[in-house]
Amino acid sequence: MRLNRIFSRASMAGMHTICPACAANPEDSRHSATVREFHIHPNRSLSGSGAAFSVLVIGLSMVTVSGYFASLGGWFVLPFAGAELVLLAWAVHRVQRAARVRERVLFGDGRARVLVDRPGAGETLVWDTPLAWTRVRLWRDPRGWYPSRLLLRHAGREIEIGRCLIEEERESLANVLCELSTEGGERPLP
């Protein structure tokens, strides 16, 4: 089964764009009009090689400064500089790994599915419910201190999607998902 793909990213100004084949010929039988697929992932502006280069430059400057102080007799600086460099490399690795998480939200053919692709673990189905009973809700903090949360709910369970999206994109995705769900779906709260 081919899917009518709608791609969305945190870095896009408009919430979604339709696959070029679907936009050119909406009557094309190769695409199923009953399933919509949303790809959600964080804006990742720093590549892996850019992150490695940054750690290398910072590491060289740390070694230079700590080497200078060690030559003046402050040898106790060296273990701390080494620990700091290891901690920096670990933190950059964790950030790069977190930026590779992908969410796929599929609405259609009577099902609502959320698949999460984590680096090293592969793609995992984390949510699969009947579309007719799935409710879409955009929860907002009453005080406005925290970002909104886009929730899919069914039978007392809920899952948050689109954590990496900005407010406008999260609202737009909530509206699109509400339109795709059944008539009984909850509208996002104002």
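Here is how the numbers come out for the structure above:
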| item | result |
| --- | --- |
| Long-range HN-HN contacts of residue 165 with modeled amide H, under 5 Å | none |
| Residue 126-residue 95 pseudo-label distance in nm [points 7 Å out on the Cα-to-Cβ vector] | 2.2 |
| Length released on extending from residue 140 to residue 69, taking residue separation times 0.36 nm less the Cα-Cα span | 20.4 nm |
| Cα centroid separation - segment 121-159 against segment 69-91, whole Å | 45 |
| Cleavage-rule hits, GluC sites (Glu not before Pro), segment 99-190, DSSP coil, Cβ neighbours within 10 Å at most 11 | 183 |
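FYI, it's all coordinate maths here, none of it is from the lab. As the structure is a computational prediction, the values presented were derived from the model and not from experiment. Don't worry about glycine lacking a Cβ; one is built from the backbone with ideal geometry, like all the others, and counts go over all protein chains shown.
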